[in-house]
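> Take a look at the following structure, please.
Nothing in this text is a laboratory measurement; each read-out follows from the coordinates by a stated rule. The model shown is predicted, which means the values in this text are computed figures rather than measured ones. Note: ideal-geometry Cβ built from the backbone for every residue, glycine included; neighbour counts use all protein chains shown.
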Amino acid sequence: MELLEYFYDRDNNIENYHPRKFHISEAEKIFIYGSPASGKTSLVLDYLKNYDSEKILYIDFQDPKFAFRDVMEEDIQSFVMVNEIDYLVLDHYEHEYFETLPQVKQLIILSSSFYEYEEEIETLELPLLDYEEFYSFQKRGTERQIFNHFIRRGTLPALAIQSIPKEQLFLNFIRSHFNESEQKLLGVLAHFNGATVTTFQLYTHAKERYKISKDLIYKQIKSFKEQGIITFINDIENPKQKRLLFFDFALAKYLTLTQNFPKQFETMIALSLVKHQVPFKSFSANAYITHLDQLILPAPFENEESFWKKAHNKFTTYKKQNIKKVYIITVGTNFEFRIENIIFEALPFYEWVVINDES
């Protein structure tokens, strides 16, 4: 019980927390999952401040004290009953660690990976910041200034409010969440961000640069997919091809020299579609097609005259794919024209995401 006493007495107050647009319900059992550093712990600790601390038991399974100690579900259940605990949080919980989950008024489980529980439990996926949330975190600046800040800082919540150099924050994040082998793999994945690639190609690229077994790298890639660190986007023209999408465009740029601004911009748009749960597939080298037959085309510095010529050259292809509308996503340009029944509309990214949020 000594370990549980430690967690019961621990100060879990958080400072400088900025509210997210996600809320925790009063359901009896809740499972919250999302990629590392998505803010799961902060969200829950902010929620718990509304309740009597003597009724709360927060257990962090990544606490170093677990290196030499263990705790059983029977210990927790007994502690809950003796201390009349109403709210129990199991943070960084490994699924199936307990045979049965403890019974309390409200149980909240936090994990980086999704897990399908057999019993009834409410689920909440907490992603990294989208642009709207990042914007709400900022205290000052014009739309363009905040957009530029977003490009540099990315989508990790901690970076949206910190003023220290982002390189130091990225380094701290990587070292605190990944072992040495995983850190090397992150560099490989960032290198291929936005590219069409297979798992075998990732392994081949990795083994040429550091010692790694095929089994281990396949296992790590599977784990990263489960944690949402990488996503593979299907291609609409070739179902066998998949484009790799790294979970944060700014972190990808920090990890490799291959992520120039156009590639960052493409990833930023794709991540926005993912976070707004818009079904889509990749199309051609850098475009995306949504379930509404809308073509999303990243073109940060495009002008109307130049794109009008490109649109006519590609028009047959667009008709073949039954495209209803083409969104040209830019840094700061607006224009609109029509070719037959297809509307071509150029919008700055920060205007397009508002439409995306409402759809």
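> On a C-alpha basis, how far is the centre of the stretch 174-245 from the centre of the stretch 308-359 in Å? Whole number, if you could?
Taking the Cα centre of the stretch 308-359 as reference, the centre of the stretch 174-245 is 31 Å away.
> Cα centroids of the stretch 32-66 and the stretch 128-159: how far apart, whole angstrom?
The stretch 32-66 and the stretch 128-159 have Cα centres separated by 25 Å.
> For LYS325, which lysines qualify as cross-link partners when the Cα separation must be under 22 Å and same-chain residues fewer than eight apart are set aside?
LYS275, LYS281, LYS309, LYS310, LYS314
> Still on this structure, please answer the following. Using only the Cα atoms of the chain, what do you get for the radius of gyration and for Dmax, in Å?
22.8, 75
> Order of 87-96, 39-48 by packing, highest average Cβ count within 10 Å first?
Those peptides, ordered most packed to least, come out 39-48, 87-96.
> Taking the simple approach of a point 7 Å from Cα along Cα-to-Cβ for both GLU305 and ASN341, what is their distance in nm?
My value for the distance between the label points is 3.2 nm.
> Report the calculated FRET efficiency for PHE315 and ASP9 (r = Cβ-Cβ distance, R0 = 56 Å), to the nearest 0.05. Present the calculation step by step, with values, prior to reporting the outcome.
Details: r = 68 Å, r/R0 = 1.22.
The formula returns an efficiency of 0.25 here.
> Once amide H atoms are placed 1.01 Å from N in the peptide plane, what residues at a sequence separation of 5 or more from LEU124, or on another chain, have their amide H within under 5 Å of its amide H?
PHE31, ILE32, TYR33
> Need the full-extension length gain, ILE236 to PHE200, defined as separation in residues times 0.36 nm minus the C-alpha distance. One decimal, nm. Show your work: numbers first, answer last.
Values: separation 36, 0.36 × 36 = 12.96 nm, distance 2.15 nm.
Going from the current span to full extension adds 10.8 nm.
> Could you sort 77-84, 16-23 so that the peptide with the highest average Cβ count within 10 Å comes first and the rest follow in order? Write down the numbers at each step before the final one.
On the way: 77-84: 14.9, 16-23: 12.8.
For the peptides 77-84, 16-23, the packing ranking is 77-84, 16-23.
> Moving to a separate point now. Spelling out what I want: for every residue of the stretch 110-122, take phi, set θ = phi - 60°, compute 6.51 cos²θ - 1.76 cosθ + 1.60 (Karplus), and round to whole Hz; glycine and proline get x.
Running phi through 6.51 cos²θ - 1.76 cosθ + 1.60 with θ = phi - 60° gives 10, 7, 7, 10, 6, 9, 8, 7, 6, 8, 6, 8, 6 Hz.
> Okay, next question. Return, for the Cα atoms of the stretch 198-316, the radius of gyration and Dmax in Å, separated by a comma.
Rg then Dmax for the stretch 198-316, in Å: 16.4, 52.
> A further question on this structure: For helix 349-358, report the angle its Cα long axis makes with the longest principal axis of the Cα atoms of the chain; keep it between 0 and 90° and round to the nearest 10°.
The angle comes out at about 60 degrees.
> So between PHE66 and GLU99, what do we pick up on full extension, going 0.36 nm a residue minus the alpha carbon distance? Kindly include the intermediate steps, with their values, before the conclusion.
Details: separation 33, 0.36 × 33 = 11.88 nm, distance 1.85 nm.
Extending this stretch completely gives an extra 10.0 nm.
> Working only with C-alpha atoms, what are the Rg and Dmax values of the stretch 2-125, expressed in angstrom?
Final numbers for Rg and Dmax: 13.7, 38 Å.
> To continue, here is another question. Per 5 Å bin, what is the whole-percent P(r) computed from every C-alpha pair distance within the stretch 285-359?
Taking all Cα pairs of the stretch 285-359, the binned fractions are 3, 15, 30, 28, 17, 6, 0 percent.
> Between SER53 and GLU26, with labels modelled 7 Å along Cα→Cβ, what's the label distance in nm to one decimal, could you check?
Going by the 7 Å Cα→Cβ label model, 2.4 nm.
> Pairing the Cα long axis of helix 261-275 with the longest principal axis of the chain, what angle in degrees results, from 0 to 90 and rounded to the nearest 10?
It is inclined by approximately 60 degrees.
> Applying 1/(1 + (r/R0)^6) with R0 = 56 Å to the Cβ-Cβ distance of MET1 and ASN334, what FRET efficiency is obtained, to the nearest 0.05? Don't skip to the answer; put the middle values down first.
Values: r = 64 Å, r/R0 = 1.15.
Approximately 0.30, to the nearest 0.05.
> Separate question: Using just the helices of the chain, give the 222 nm mean residue ellipticity in deg cm²/dmol: DSSP H runs with n ≥ 4 each add -39,500 (n - 2.57), and the total is spread over all residues, rounded to 500.
On the way: 14 runs with 145 residues, N = 359.
Using -39500 (n - 2.57) per qualifying helix, the result is -12000 deg cm²/dmol.
> Another question, then. If each residue of separation counts as 0.36 nm, what is the full-extension length gain between GLU180 and PHE114 once their alpha-carbon separation is subtracted? All intermediate terms of the calculation are to be shown ahead of the outcome.
Values: separation 66, 0.36 × 66 = 23.76 nm, distance 2.38 nm.
Gain in length upon complete extension: 21.4 nm.
> Turning to a different aspect of this structure: Compute the FRET efficiency between LYS225 and GLU84 as 1/(1 + (r/R0)^6), taking r as their Cβ-Cβ distance and R0 = 35 Å, and round to the nearest 0.05. Mind dumping the intermediate values first?
Numbers: r = 41 Å, r/R0 = 1.18.
With a Förster radius of 35 Å, E is 0.25.
> Using only Cα atoms, find the angle between the long axis of helix 143-153 and the longest principal axis of the chain, and express it within 0 to 90 degrees, rounded to the nearest 10.
60
> Hey, got the dipole for the stretch 2-125? About the Cα centre, +1 on K and R Cβ, -1 on D and E Cβ, debye to the nearest 20? Provide the component values of the computation, followed by the final result.
Details: 10 positive and 28 negative charges, 128 e Å.
Value, rounded to 20: 620 debye.
> With each pseudo-label sitting 7 Å past Cα toward Cβ, what's the ALA158-ARG144 distance in nm, one decimal?
Between ALA158 and ARG144, the simple spin-label model gives 3.3 nm.
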